Structures are given as structure tokens and as C-alpha cells.
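Presented below is the structure to which this report refers.
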Amino acid sequence: MPLYQARVLVSLRPSVLDPAGEATRAAASRLGVTGLQTLRIGKAIELQLEAPDRATALSQLEHLSDRLLANPVIEDWQLEILDPAQGQQA
Amino acid sequence: MSVGVVVFPGSNCDRDVRWALEGCLGVPTRFLWHEESDLSGLDAVVIPGGFSYGDYLRCGAIARFAPVLAAVQSFARGGGPVLGICNGFQVLTELGLLPGALTRNAKLHFLCEPTALQVLPGQCRWLQGYGAGETITLPIAHGEGRYQCDPNQLQELEQNGQIVLRYGQNPNGSMADVAGLTNAAGNVLGLMPHPERACDPVTGGIDGRRLLETVLG
């Protein structure tokens, strides 16, 4: 069965305050990096999933992202899925 | 009369809840390990504070899938009284028994202090021992207690009188000063403050007693 490689990016919704991101932005200015307007922290989750075909892999990964990896009340998620061949090379 | 106290790997207030109920109020309790699903003979269930499953991914996110919570969910839907304290409140929102989510405190600090709260009992079964608008003091101890939901949801909660506990001085940036919420039926209560730590006069105030007593009365 083909092995699909995927990455799910979870970020706080724009309306939700990110105090950890703000604290990091303040540290960036102490490092001498000025002009940083926004810094928001999210999560990247890397997965490998065996599935009979791409459509099945996609639907399982979407279900997983929406029901476990992200909480849609406060977070958005984006799914990147690679073809099995690319996944094996990576 | 017996109360179930849920125990996850990482719960750390389960024994405090047992002491408050058994030691201070004389109510028998039964620990419910996260893999159990038998709630027979229980009159109420408490989901205590702590860091269930290490708070991995998000607080309460992994606990939601514990077998015991499927049983607690049916118990709550059948009208059984369920109380979620601190991490227990976070679990109730992840489980969908209460709306919204709890996020990182606005000023990032872990807050551990006594806090004045306004009680607006409404239909909440757990709070019928308090007067409307009464001010009580309970300790808080959390890093992620900033209540968040979408504006329409908040309006609905306000209209239904489901915001039953509000901070006097908002410590964490919660929307609408939310410290505790009930469901529409009033049998489920989630709150960030710790009523079980305000039951024994030896450790200070006893404002939490009526919360635990009333529903069992």
C-alpha cells in the first residue's frame, strides 16, 4: 500500500491573541531584528500514512486535522500532502 | 450517595477532590481510572485539575478520547451532574459538553492565587447554594485559562445566562471575564478556579463547600 507523507500546519485563528508570539517578537527586537510587525507561533505535524489511494489518504488526514490535531474553535489548519514517490524520496 | 472522580495519567487534583468530598463533607467517592467506563451507582462525576496526558497537543485534547469520557458524556446527556475543574473544564470544552476553548493566559504567567468571583447561579445545579450576584473567593492555579469563543457563541451564552462565574479582576484575559460556564440544561459546570481547595478551614476559606454540597444535597 502506498505511503503518503504529509504535513499539517496548525495556527491560531487571526482573532485569537498569541501571547507567546508577542513575547517572542519582543525578544527579536532585543536581538536587533527591527521592523518585525507580527510573529505568531503554530505547530507543524509531520505524518506518514498508509492508504490505498490518494483520495482515501486525503480524507483521513482531513478528518484527523479537524478532529484532533487542531481545535477549530481557536485554530486553523492547512494540510500538505506529497505523492507516494516524493514521500519515499524525502 | 457517591461521587466519581476521574483519574487520567497526569491528573493532580484527584486526591484534593477526594479529601474535599470525603474528608470535609463526608461524601463517599470512587476513583474512575481513564480506561473504565462503568459509572453505575454514581450520583455525580468530577473531572479534576492537573495535566491530563501531559497536556500534549492541547490541554484536554487527548483526554477527550479516554473511554471513561464516553461514559461521562452519556451520563451528562442523561442529566447527570458533571463538574470539570481547571483541566477538567478544558476537557469539557474539548469534549463538546461546553462551548469554546481555554487558551494561554494573556500575560503568559502561571497564575496561582486567591481570586474574587461573582456567582450568577441561573439554572446551574452546582451553584444553587449561592445567592445571585454573591461574591466568593476561590483559588486559581492555571497557565491556560483564557476563555475564548466566537462572538455569536458568547452572545448566546450571555442571553441564556450560562456564564455563571465571572472574575472580579480578570486575571488571564478571558472573554467577558468568564471563570465558569454551565450548559443549557444546567447539570454540567466547568470552571477554572478550584472549589475543592476552598473546603477545609485549615487551608483558608471554605467558599467552595456549597458548590460541592448543593448538588449532592
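The values are calculated or read from the model by the stated rules, or taken from the named source; none is laboratory data. The structure presented is a predicted model; accordingly, all values stated were derived computationally and were not measured. Don't worry about glycine lacking a Cβ; one is built from the backbone with ideal geometry, like all the others, and counts go over all protein chains shown. Calculation scope for accessible area: heavy atoms of the full protein, side chains included, ligands and nucleic acids excluded. Shrake-Rupley method; radii C 1.70, N 1.55, O 1.52, S 1.80 Å.
Here are the numbers for this structure:
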| quantity | calculated |
| --- | --- |
| Carbon and sulfur %, accessible surface of chain B computed with the full protein complex present, 1.4 Å | 51 percent |
| Inter-label distance, nm, simple model (7 Å from Cα along the C-beta direction), B:A176/A:Q78 | 3.3 nm |
| Mean accessible surface per residue for chain B, computed with a 1.4 Å probe while every protein chain stays in place, in Å² | 39 Å² |
| Placed amide H near B:V188: partners under 5 Å, 5+ positions off or other chain | B:V82, B:N183 |
| Buried on assembly, region A:5-23 (at least 20 Å² less accessible surface than by itself, 1.4 Å probe) | A:V16, A:L17, A:P19, A:A20 |
| Under the Karplus curve 6.51 cos²θ - 1.76 cosθ + 1.60, θ = phi - 60°, whole-Hz ³J(HN,Hα) for region B:168-181, x wherever Gly or Pro sits | x, 10, 4, x, 10, x, 3, 4, 6, 6, 5, 10, x, 10 |
| Interface B:A - total buried accessible surface [probe 1.4 Å, Å², rounded to 100] | 1200 Å² |
| DSSP-defined antiparallel bridges as percent of all bridges, chain B, nearest 5 | 60 percent |
| Residues along region B:106-134 losing 20 Å² or more of accessible surface when the other protein chains are present rather than the chain by itself (probe 1.4 Å) | B:A106, B:L108 |
| Distant-in-sequence amide H partners of A:E75 (H built 1.01 Å from N, under 5 Å) | A:R13 |
| For the protein assembly as shown, Cys with no neighbouring Cys Cβ under 4.7 Å | B:C13, B:C59, B:C86, B:C112, B:C124, B:C149 |
| Surface share of carbon and sulfur [accessible, 1.4 angstrom probe, percent] for chain A | 53 percent |
| Rounded tilt (10° steps) of A:19-30 against the dominant C-alpha axis of chain A | 60 degrees |
| Residue-wise HN-Hα coupling along region B:28-36, computed from phi with Karplus coefficients 6.51, -1.76, 1.60 (Hz; x: Gly, Pro) | x, 10, 9, 6, 10, 4, 4, 8, 7 |
| Test item: A:69-77 mean partner chain Cβ contacts at 10 Å | 5 |
| B:A116/B:E213 FRET efficiency (R0 25 Å; Cβ-Cβ; nearest 0.05) | 0.75 |
| Heavy atoms of B:M1 accessible to a 1.4 Å probe, total area in Å² rounded to 10 | 110 Å² |
| Interchain or long-range residues, amide H under 5 Å from B:L138's placed H | B:T115, B:L117 |
| Share antiparallel - DSSP beta bridges, the protein assembly as shown, percent rounded to 5 | 70 percent |
| Residue-by-residue Karplus 3J(HN,Hα) for region B:103-112, coefficients 6.51, -1.76, 1.60, Hz, glycine and proline x | 10, 4, 3, 4, 9, 6, 5, 6, 9, 9 |
